[in-house]
Amino acid sequence: MKLKIGLSALVAMGLMGSMAVADDIKLSPQEMKKATQIYFDRCAGCHGMLRKGALGPDLLPKKTRQMGTETLEYIIYNGTPGGMPDWGASGELTKEETKLMAKFIQLDPVSPPEKSLGDMKKSWKLLIPPEKRPKKPETKRNWRNYFGVVLRDVGKVAIVDGDTKELVSIVPSGFATHILRTSKSGRYMYAIGRDGKASVIDLWMKKPQNVATIRVCNDARSIDTSKAKGYEDKYAVVGCYWPPSIVTLKGDTLEPIQIVSTASYTYDTGEFTREARVASIVANHHKPEWVINVKETGQVWLYNYKDPRNPKIHMLMAERYLHDGGWDLSKRYFLVAANARNKVVAVDTKEGKVEAIIPTGGTKPHPGRGANVDHPKYGPVWCTGHIGSNDIVCIGTDPAHHKKFAWKVVKDIKLPGVGGGNLFVKTHPKCNYIIADRPVNPDRKLQTQLYVIDKNKLEVVKTIKVPEKYVKEREVTVNGKKVKVKPRGPVHIEFNKDGSEFWVSVWGNKLVPSAILVYDAKTLKLKKAITGDWVRTPTGKFNVYNTMYDIY
Ligand code: DHE
């Protein structure tokens, strides 16, 4: 979650006192190898594989050499108020690693690797062929109310029973696993790692496990499945950051079918962009189409997968940089954040056109999937928070019956205190509230609270402080050294199937177990803390039923 922070801001923060040009920097082959790995794992997501910048600023030597090792080291270690994580202070990188990275980013960028369909096939593992899998659910558990929980920094997925809160299974997944999605039937749960490793878990097994895995690219963030009638559970699709591409796979086996490059021209200035990364993907429930958002070019691709070897792609010119988004209540319009322009793009998937581009009034919209409300005055609205400002804004989405409010910000709800730091908002049709987190606000108090927004009033009616015992600093011994680690605070909200509970993760460090907190969606009281040695760096949580039907 790194944000643009200009040189002037750094000067203002007193970090650019010594604008000395760095001396010649030399790294040994081992140091280069280590730094390259850390860069592609931790930094490329925001600063780009080629270091040309995206959500975070560019890290090209012209600028970084001006800043010098000391300033860069300080920023990498402590983070910035704009959203750059405190990699050192949070314990994710050691002091030595912080210094190494400060030097590395002053050298010329390293060429990132390519990947062919043949390379992918070499990594493909069909662990349990479809004919050897259960013919019906082997479990008596209510598997449609399972939660898949990303255990990010340990590269695993936990399957937790939403009824009993028991751990059902722990399944290995890709490096720094990012998100999970389900097939239309809900039977299969898909994970994507930041290393481009896709896995499919069979939830019908008594103890769910991976039935196939494949590494389709070197850097990825999104995965989804075919959800249209006649195509249920048939295909999966991965959106890659590097090589920038869309990879279609067979849904049950993950056998690769097609790869399409997204490198193209920016929608506005027509400049060629090699690093045109695939951000969010969402499956259309009404037709065999994925909505694919290409970050740097600002294009939305309506990707028809009816004949996946010969896909039909309808390119829409939208806005930059496209990131995350979700359906409106009717599932006709897809709303996606163009975070660099502080706008939201509404795509009409029925007509196949950009319906509206809406300035949000906030800084760096970051909706996750967003939150839908059927409001008594404004009609159906979709809400998003912002990383860079304290605005949760709701946009009218019903031009047919509420024309006056359609594609306008009907309400700007201010979170208390200064600064943004919100990453996710979530609701459920049965719940009266939208819940918002704020894990990347630098203020500790604001970071460790949840914000409750009343759906009728569209205002914050309560803040929930996460009990101190779950977010307090702890000391652990690593390789004989004492290290202090502090969880960031609650992150990502997900409701259970009937909307009576919402779950949040305490975003801890992998060195110590943290917790998944379960709140009653009516009383807003903490019902249960799911704990255990396995609860390491829980982040995103995906309820099977809500993910099958895109309920948010
Ligand atoms: Fe995410 C969604 C990209 C960092 C947790 N994140 C998304 C999507 C994209 C994206 C493109 C939309 C996927 C979709 O819907 O198909 N995320 C990125 C990054 O590039 C970024 C900023 C930096 C990086 O290096 O990866 C990044 N994301 C994070 C985190 O640090 C988070 C908070 C914790 C984690 O586990 O990594 C995180 N991102 C999530 C989650 C979603 C997500 C939980 C899905 C939200 C949902 O409710 O559907």
Segment 536-552 residues that are over 15 Å from residue 490 (Cα atoms) and outside the structural domain of residue 224 (by TED's automatic domain parsing), paired with ones that are β-branched (Val, Ile, Thr) and open to solvent by less than 10 Å² (accessible area, probe 1.4 Å) (beta carbon under 6 Å, 6 or more apart): 544/182; 547/182; 548/182
Near pairs, Cβ below 9 angstrom, 6+ apart or cross-chain, from segment 227-245 (farther than 30 Å from residue 47 by Cα and open to solvent by 10 Å² or more (accessible area, probe 1.4 Å)) to any residue that is part of a strand (DSSP E or B) and basic (Lys, Arg): 234/250; 235/250
Filtered residues of segment 429-452 (kept if open to solvent by 10 Å² or more (accessible area, probe 1.4 Å), in contact with a strand residue (DSSP E or B) (Cβ under 7 Å, 6 or more places away or on another chain) and closer than 20 Å to residue 543 by Cα): 432, 433
Odd one out for residue 514 among (1) open to solvent by 10 Å² or more (accessible area, probe 1.4 Å); (2) at pLDDT 95 or above; (3) within 16 Å of the ligand (Cβ to nearest atom); (4) farther than 30 Å from residue 141 by Cα: (4)
Residue satisfying condition, being of a type in the set (Asp, Glu) and exposed (fewer than 15 other Cβ atoms within 10 Å of the Cβ), within set 114, 92, 138: 114
In segment 363-388, residue surrounded by the most Cβ atoms within 10 Å (Cβ to Cβ) [restricted to those that are away from the ligand (no atom under 14 Å from the Cβ) and assigned to a loop (DSSP other than H, G, I, E, B)]: 378
Complete set of residues in segment 438-455 that are within 16 Å of the ligand (Cβ to nearest atom) and assigned to a loop (DSSP other than H, G, I, E, B): 438, 439, 440, 441, 442, 448
Residue among 152, 187 that alone is buried (at least 20 other Cβ atoms within 10 Å of the Cβ), among the charged types (D, E, K, R) and modelled with pLDDT under 95: 152
When residues of segment 537-546 are limited to those that are at pLDDT 95 or above and closer than 19 Å to residue 511 by Cα, the one surrounded by the fewest Cβ atoms within 10 Å (Cβ to Cβ): 540
Residue 199 being over 29 Å from residue 46 (Cβ atoms) and either within 25 Å of the chain's Cα centre (by Cα) or buried (at least 17 other Cβ atoms within 10 Å of the Cβ) (or both): no
Total residues in segment 341-362, condition out of contact with any Lys or Arg (no Cβ under 8 Å at 6 or more places or on another chain) and of a type outside the set (Lys, Arg): 10
Residue that is nearest to the ligand (Cβ to nearest atom) [pool: residues in segment 479-506 that are of a type in the set (D, E, K, R) and not in a strand (DSSP E or B)]: 488
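The values are calculated or read from the model by the stated rules, or taken from the named source; none is laboratory data. Just so it is clear, the model here is predicted, and its values are computed rather than measured. Don't worry about glycine lacking a Cβ; one is built from the backbone with ideal geometry, like all the others, and counts go over all protein chains shown. Keep in mind that these areas ignore ligands, DNA and RNA; they rest on the heavy atoms of the full protein, side chains included. Shrake-Rupley method; radii C 1.70, N 1.55, O 1.52, S 1.80 Å.
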